[in-house]
1. Is it fair to say residue 124 is more than 30 Å from residue 389 (Cα to Cα), at pLDDT below 95 and surrounded by fewer than 19 Cβ atoms within 10 Å (Cβ to Cβ)?
2. Being outside any helix (DSSP H, G or I) and modelled with pLDDT of 95 or more narrows it down to one of 507, 534, so name that one.
3. Any idea which of (1) buried (at least 16 other Cβ atoms within 10 Å of the Cβ); (2) on the phi < 0 side of the Ramachandran plot; (3) touching a residue at least 40 places away in the same chain (Cβ under 8 Å) is the one residue 197 doesn't satisfy?
4. Could you tell me which residue of region 484-504 is surrounded by the fewest Cβ atoms within 10 Å (Cβ to Cβ), considering only residues that are more than 22 Å from the chain's Cα centre (by Cα) and part of a loop (DSSP other than H, G, I, E, B)?
5. Restricting attention to region 63-89, which residues are part of a strand (DSSP E or B) and within 10 Å of the ligand (Cβ to nearest atom)?
6. If the requirement is being assigned to a strand (DSSP E or B), more than 27 Å from residue 281 (Cβ to Cβ) and under 30 Å from the mean Cα position of the chain (by Cα), which of these qualifies: 516, 461?
7. Of all residues being part of a strand (DSSP E or B) and in contact (Cβ under 8 Å) with a residue 60 or more places away in the chain in region 245-263, which is farthest from residue 216 (Cα to Cα)? Just the residue, please.
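The values are calculated or read from the model by the stated rules, or taken from the named source; none is laboratory data. The structure displayed is predicted, hence computed values, not measured ones. Note that we place each Cβ from the backbone using ideal geometry, even for glycine, and neighbour counts take in every protein chain shown.
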Ligand code: FES
């Protein structure tokens with residue numbers, strides 16, 4: 001084994017080892033020495049614009065920015081020398097004076113111990129208790145509140161450009177930029193239009209990296225300092241990507257969601273994962289309801305379950321449909337309930353699609369961003385798996401070749417170097433489910449073009465959806481071994497459901513049990529049956545047509561596991577405590593089984609987890 005090269009430097013009298021190519025700031029941070037910085041962010045390329053990180057380096061004529069200055073063997077650095085501190089104080093005073101940082105009205109502001117503002121934190125640290133240069137109240141700094149989820153207050157902006165770089169380097173959206181020069185410089189969107197009218201996709205990455213209160217989240221602002229909230233790492237159940245999130249909660253309320261920098265999505269989230277999950281939903285169902293005289297009337301769990309059990313016992317055949325948003329444990333218990341208790345095989349998913357998983361070497365999310373040739377066949381990631389869409393755009397920025405193969409326009413068409421047409425060769429059957437089953441084919445000439453493109457690349461990735469003909473899947477399987485494959489699964493946990501044998505399909509029976517969880521109908525109509533039980537977190541068109549309605553947990557209350565787009569089993573951690581009258585789906589099934597007269601083969605969620613994870 002060859003030892004990795006090491007660069008030896010001294011910071012504040014401490015000898016540390018750095019890696020070649022590291023900056024002084026990175027090397028110091030790795031050694032546990034914090035150098036104050038503002039425009040720098042560990043997940044963005046350094047820019048060196050704020051000059052807060054200036055340090056004294058032996059043999060350098062002037063102070064140097066630690067965030068851009070590379071380490072060199074024998075280097076001696078002082079981060080808190082009188083000269084460095086003096087300069088830092090002056091830079092901070094100028095930043096404070098540049099705009100009207102009237103901290104007492106800012107949601108990030110606090111005491112030396114509680115402030116969330118990186119600028120204010122440094123103000124406290126360096127004892128800035130007055131303005132050496134008067135604050136700039138003269139200009140009426142605008143506030144742009146035209147975006148739904150967050151607000152831009154230019155008075156609090158320090159022009160660090162973290163937001164601009166995040167929009168370019170992480171989201172690859174290129175909406176944010178800078179207009180004017182010098183004193184008049186402002187962050188702008190597109191050609192200086194209102195943010196709400198710009199090409200912003202509300203991924204909120206800019207919000208996550210803003211060091212001050214310039215970008216403010218509408219829902220969580222003023223609802224608690226960092227010191228008062230709890231951060232919990234979890235997984236987003238918005239789609240099958242299963243992005244890592246950090247949920248910010250307080251008093252059993254979800255305030256905000258941020259991307260987990262350490263997860264496969266590397267901090268990136270889409271608008272669904274960051275904002276939609278926190279938005280208020282329709283009316284929550286808190287107690288079971290039974291239809292009485294045409295109306296749904298609240299009742300006890302015992303009465304509702306006993307009534308439903310009686311109906312299921314009487315029915316000749318009971319059918320079941322479950323949402324693919326549910327974790328493995330709920331889906332496994334649902335399948336088990338049908339197979340063991342009702343002795344019925346009429347069980348499937350409400351929707352969802354899980355293309356074949358074994359086409360070749362599996363890709364991870366990072367492979368997409370690092371690829372030099374990406375084929376997207378039968379999928380629309382900018383719509384269904386948005387974070388993957390952003391990773392494709394990031395690869396495009398790094399000169400990756402993009403090939404889009406579809407039967408209809410997609411949001412990535414404008415990025416495509418090659419566009420190939422899929423042909424619909426489907427058979428349209430009688431039932432609505434059969435009609436959904438379209439099948440698409442790509443002619444041999446198209447396959448040859450794909451093959452030539454991936455052969456010419458070094459790190460090709462094929463992203464593929466469902467519904468292709470077996471010939472096309474066989475052709476994909478036959479691509480060179482260097483190709484990595486990522487299935488574009490629709491339905492958050494459709495992959496987990498498929499492993500349990502649950503797929504969207506027509507189900508038959510005079511009674512129907514629909515386990516919805518916190519899903520919403522989105523225009524989908526349930527088939528009409530003699531008796532329908534809907535277990536749902538929210539009132540919807542589905543619950544309004546049911547005979548019995550049972551409450552269900554929302555995603556933030558659930559516990560279990562899901563299988564993501566990479567085929568990884570991810571833990572679904574409860575972030576909030578469910579209301580006392582709302583039970584986990586698997587517990588409901590246990591209770592219902594007992595009332596029907598059978599017991600299921602598990603007593604605890606851990607029993608199911610062991611069987612399915
Ligand atoms: Fe180094 Fe801003 S953090 S110049």
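1. When the stated conditions are applied, residue 124 does not pass them.
2. Just one listed residue meets the conditions, 534.
3. Condition (1) is where residue 197 drops out.
4. 501
5. Start the filter on region 63-89 by keeping residues that are part of a strand (DSSP E or B), which leaves 64-65, 70, 76-78.
Passing the criteria: 64, 65.
6. 461
7. Initially, region 245-263 is screened for residues part of a strand (DSSP E or B), giving 245-250, 253-259.
Right, trim to in contact (Cβ under 8 Å) with a residue 60 or more places away in the chain and you get 247, 249, 253-254.
Values: 247: 17, 249: 17, 253: 19, 254: 16 Å.
So the residue we want is 253.
Each row is one residue, and each column tells you yes or no for (1) assigned to a helix (DSSP H, G or I); (2) over 23 Å from the mean Cα position of the chain (by Cα); (3) farther than 27 Å from residue 85 by Cα.
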| site | (1), (2), (3) |
| --- | --- |
| 113 | no, yes, no |
| 121 | yes, yes, no |
| 129 | no, yes, no |
| 132 | no, yes, no |
| 135 | no, yes, no |
| 139 | no, yes, yes |
| 160 | no, yes, no |
| 168 | yes, no, yes |
